[in-house]
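Here's the structure, in structure tokens; my notes come after.
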Amino acid sequence: MQSRTLLKESQIMKIHYITGIAAIFVVALHIMMRLVVPFELSLQYDYIIANYKNIVYVLILESILVLISVHGFNGVRIILLELRQSRAWENMVSVVTISAMIGLIAYGTRTIILANGL
């Protein structure tokens, strides 16, 4: 009996590669935005809070959070699936990694929202 899955493993790997490549570009953009500011200024509380009120910067931070979380937790899922191979193990690993990814993204988004003063 063939089991039904939401995505094929090849599609999941395409998502893994795309998130990895996209993360490189978004993190590079983030670093370039930080390089134009003196280091001491970039650590001041008022400057950091002001960054969270800049919608472009908030979108960059949120995209870094989502891309790195999806890429990282999928990588952990792939490693754990290599350790053992059974349908129950695969389902458990997938549920745990997806839940942890959603939890991390929710907590990170909460932090961005609270820092923005909403």
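The values are calculated or read from the model by the stated rules, or taken from the named source; none is laboratory data. Treat the numbers as computed from the prediction; the structure is a model and nothing was measured. Glycine gets a Cβ as well: all are built from the backbone with ideal geometry, and neighbour counts include every protein chain shown.
Given the structure, is Ser99 surrounded by 12 or more Cβ atoms within 10 Å (Cβ to Cβ) and small (Gly, Ala, Ser)? Steps first, please.
Numbers: surrounded by 12 or more Cβ atoms within 10 Å (Cβ to Cβ): no; small (Gly, Ala, Ser): yes.
Here the answer is no, as Ser99 does not meet what is asked.
Out of all the residues in the stretch 104-114, is one or more farther than 24 Å from Ile31 by Cβ, assigned to a helix (DSSP H, G or I), touching a Ser or Thr at 6+ places or on another chain (Cβ under 6 Å) and among the charged types (D, E, K, R)?
Scanning the stretch 104-114, I find no residue that is farther than 24 Å from Ile31 by Cβ, assigned to a helix (DSSP H, G or I), touching a Ser or Thr at 6+ places or on another chain (Cβ under 6 Å) and among the charged types (D, E, K, R), so the answer is no.
Condition test on Ile113, is it within 26 Å of Ala22 (Cβ to Cβ), at pLDDT 95 or above and not charged (D, E, K, R)? Walk me through it before giving the result.
Values: within 26 Å of Ala22 (Cβ to Cβ): yes; at pLDDT 95 or above: no; not charged (D, E, K, R): yes.
Against the criterion (within 26 Å of Ala22 (Cβ to Cβ), at pLDDT 95 or above and not charged (D, E, K, R)), Ile113 does not qualify.
Given the options Glu40, Glu90, Glu62, name the one that is surrounded by fewer than 12 Cβ atoms within 10 Å (Cβ to Cβ), assigned to a helix (DSSP H, G or I) and either free of Cβ contacts under 8 Å to residues at least 60 places away in the same chain or more than 20 Å from the chain's Cα centre (by Cα) (or both).
Values: Glu90 fails: surrounded by fewer than 12 Cβ atoms within 10 Å (Cβ to Cβ); Glu62 fails: surrounded by fewer than 12 Cβ atoms within 10 Å (Cβ to Cβ).
From the options Glu40, Glu90, Glu62, the qualifying one is Glu40.
From the list Ile48, Ile55, exactly one residue is in contact (Cβ under 8 Å) with a residue 40 or more places away in the chain and on the phi < 0 side of the Ramachandran plot. Which is it? Don't jump to the end; show me each part of the working.
On the way: Ile55 fails: in contact (Cβ under 8 Å) with a residue 40 or more places away in the chain.
The match here is Ile48.
Quick grid of which residues meet (1) in contact with a Leu (Cβ under 8 Å, 6 or more places away or on another chain); (2) surrounded by 13 or more Cβ atoms within 10 Å (Cβ to Cβ); (3) part of a helix (DSSP H, G or I):
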site	(1), (2), (3)
Tyr17	no, no, yes
Val26	yes, yes, yes
Met33	no, yes, yes
Val58	no, yes, yes
Leu67	no, yes, yes
Arg77	no, yes, yes
Glu82	no, no, yes
